[in-house]
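See below for the structure under consideration.
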Amino acid sequence: MHDANADAEMLAIGHAESDEVCGGSSVALDRARSLIACLTNDPATWLAWFGSGIELRKRWGTREVQLMLSAISGDAGPFFNGYASGVTDRATLTAIRQFQSSAGLQVDGKAGPKTCKALVTAYMALDGTTLTGGSKPTPHGCEGHTDDGHRGDRRDQSG
């Protein structure tokens, strides 16, 4: 669809449930902005999520590293295979080391700033992740509402 309409305006929608610990509609807008950063090849926006200026509960870490390593392939396939648990286990350390080696980085098994920058850049360089042409993405955050107390038809029955 994008290839056929490369100059189209685009609405990127991030979603959050109203009861999410991280803050509902603000986290939804953050998610939409993160999507746009990926689509426009803007690693700096993603790298900021790993920084100390982000609340600890929102900060990116091992899970995001695992997810990116599972999408990026080396000579033997994806660097990380398995469930992205957010736990820095032996498989994660091995995957980081293999990625660092392939990227010409110091091999220490730590996802420090240089490794994260190379990882985000490699992830955003994957085929089909970047918009082309004059696309103008706009972020929009929406917050859902869960009403566990209501079942059945949600139409107004008053008349």
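The values are calculated or read from the model by the stated rules, or taken from the named source; none is laboratory data. None of these values were measured; they are calculated from a predicted model. Please note: Cβ atoms are built from the backbone with ideal geometry, for glycine as well, and neighbour counts cover all protein chains shown.
Mind counting the residues in the stretch 96-138 that are touching a strand residue (DSSP E or B) at 6+ places or on another chain (Cβ under 8 Å) and of a type in the set (A, V, I, L, M, F, W, C)?
2
When only residues in the stretch 111-159 that are in a strand (DSSP E or B) and in contact with a helix residue (DSSP H, G or I) (Cβ under 7 Å, 6 or more places away or on another chain) count, which is modelled with the lowest pLDDT?
Taking the stretch 111-159 and keeping what is in a strand (DSSP E or B), we get 136-144.
Cutting the leftovers down to in contact with a helix residue (DSSP H, G or I) (Cβ under 7 Å, 6 or more places away or on another chain) gives us 137, 139-143.
On the way: PRO137: 79, PRO139: 78, HIS140: 77, GLY141: 75, CYS142: 73, GLU143: 69.
Among residues in the stretch 111-159 that are in a strand (DSSP E or B) and in contact with a helix residue (DSSP H, G or I) (Cβ under 7 Å, 6 or more places away or on another chain), the one modelled with the lowest pLDDT is GLU143.
In the stretch 75-128, what residues are within 17 Å of GLU64 (Cβ to Cβ) and of a type in the set (Val, Ile, Thr)?
Within the stretch 75-128, VAL87, THR88, THR92, ILE96, THR115, VAL120, THR121 qualify.
Please tell me if TRP46 is within 12 Å of the chain's Cα centre (by Cα), part of a loop (DSSP other than H, G, I, E, B) and not assigned by TED's automatic domain parsing to the domain that holds THR138.
Numbers: within 12 Å of the chain's Cα centre (by Cα): yes; part of a loop (DSSP other than H, G, I, E, B): no; not assigned by TED's automatic domain parsing to the domain that holds THR138: yes.
Taking the combined requirement at face value, the residue does not satisfy it.
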